[in-house]
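What follows is one structure encoded as structure tokens, with my remarks underneath.
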Amino acid sequence: MEKKKYYLFKRQGRYYLQNQKGKQTSLRTKDLREAEKILASLVASDGSAAAVVRKQAMMMLRENDPQYFGRSWGQLFDKYIGRCELPHQRERLKRSLESPVLQSIRDQQIVATDPDIFMESILRLKQSIRYHVQLAYRYGIKVNWVSRDLLDDDLWPEVRWRHFRAITEEEHRRLCETVEDPERRNYYELLWHIGASQGDAARLEASNIDWGRKLLVFRRAKLKPENPPAMIRIGPALEELLKKLPSQGPLFPKISKEKINRRSGDFWRRSRRLGFPPGCVLHSYRYAWIQRAAQAGMPERYAMAMMGHQSRMVHQSYAEKALIECPSLEEFGKK
């Protein structure tokens, strides 16, 4: 009696094939009749299970989703960009996924993509662009535009971000001493005092200052409108700085009109000229504020509210370099 080449079995509601060597292939269906059709096609063709399953899956997709075979990676990227509610995130995604270096990938049909060629294209991309391509790829799997079998998650190159650090008080002072433009110098001073992101600080207006309650109130562009605003009490040093700034309209008229790359690039060039160690960027002011808050003993919930952090893990990653001196038990007991 001839031994069967394939066996049909069910696991967690889905049907699978197993060959004589024990290799198992998912049929991607919960329907017994569909599974039996695929098995019959396999026996008749005497081909590999994977090839027959792929062919059968293509036929089913053509019947259920006629547009499946015409979709390109560019359409997927555009769909992924369009789902972002926040303008700040949408702008960042557009810069990455509409980059000219992605044109060869954008024009490809998803269903006709060769995994090896696709991976070669991915490896040539900058790390920041590759990161967003991977997120769009995962989104494509969720909406059934991309086959889960195209590339295994483990095959994607690991993304290793550059290490950023906090700017020190000495570096901040040296930087401000070299800035001739009073508006830019005041901008850096404000970042030191409140630790806002460069964009949020640049967009501040006189209306964000509540002199009656001595509060600086603003919303983070990165967060949704329903999230509470950041509020910080105006201390003596911050009050002195804010009184130097315009009493109406934008606090930084010129800087508020600059693009993000212009602001960050200007800071980077200044820090290079001053010989600052690597890792010091405009975002370093946020690291500095969080670490100073931790060293001062500010409760984490206050610092998180000020920074707009929704995750304690994210917040703690900013504060991990803070050097915190623990008081003696005698000192602590007197409080």
Any chance Gln316 is part of a loop (DSSP other than H, G, I, E, B), polar (S, T, N, Q) and modelled with pLDDT under 70
no
In the stretch 195-222, how many are of a type in the set (A, V, I, L, M) and over 23 Å from the mean Cα position of the chain (by Cα)?
6
Would you confirm whether or not the stretch 216-225 contains a residue that is among the aromatic types (Phe, Trp, Tyr) and either closer than 26 Å to Arg273 by Cα or assigned to a helix (DSSP H, G or I) (or both)?
no
Go through the stretch 125-184 and give me each residue that's modelled with pLDDT of 90 or more, among the charged types (D, E, K, R) and either touching a strand residue (DSSP E or B) at 6+ places or on another chain (Cβ under 6 Å) or part of a loop (DSSP other than H, G, I, E, B) (or both).
Glu180, Asp181
Subset of the stretch 256-270 [exposed (fewer than 14 other Cβ atoms within 10 Å of the Cβ) and either of a type in the set (Gly, Ala, Ser) or assigned to a loop (DSSP other than H, G, I, E, B) (or both)]
Lys259, Gly265
Does Ile209 fit the bill of being closer than 21 Å to Met304 by Cα, among the aliphatic types (A, V, I, L, M) and modelled with pLDDT of 90 or more?
yes
Being loosely packed, with under 10 Cβ neighbours inside 10 Å and in the same structural domain as Glu183 (by TED's automatic domain parsing) is true for just one of Pro225, Pro229, Pro246, Pro253. Which residue is that?
Pro225
I need the full set of residues from the stretch 15-54 which are assigned to a helix (DSSP H, G or I), modelled with pLDDT of 60 or more and among the hydroxyl-bearing types (Ser, Thr, Tyr), in order please.
Ser41
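This table checks each residue for (1) more than 30 Å from Ser264 (Cα to Cα); (2) surrounded by 10 or more Cβ atoms within 10 Å (Cβ to Cβ); (3) assigned by TED's automatic domain parsing to the domain that holds Ser96.
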| site | (1), (2), (3) |
| --- | --- |
| Phe118 | yes, yes, yes |
| Ser121 | no, yes, yes |
| Leu125 | no, yes, yes |
| Ala136 | no, yes, yes |
| Gly140 | yes, yes, yes |
| Trp145 | yes, yes, yes |
| Asp149 | yes, yes, yes |
| Arg162 | no, no, no |
| Val179 | no, yes, no |
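The values are calculated or read from the model by the stated rules, or taken from the named source; none is laboratory data. Keep in mind that this is a model prediction, so the values were computed, not measured. Cβ coordinates were reconstructed from backbone atoms using ideal geometry, including for glycine residues, and neighbour counts include every protein chain displayed.
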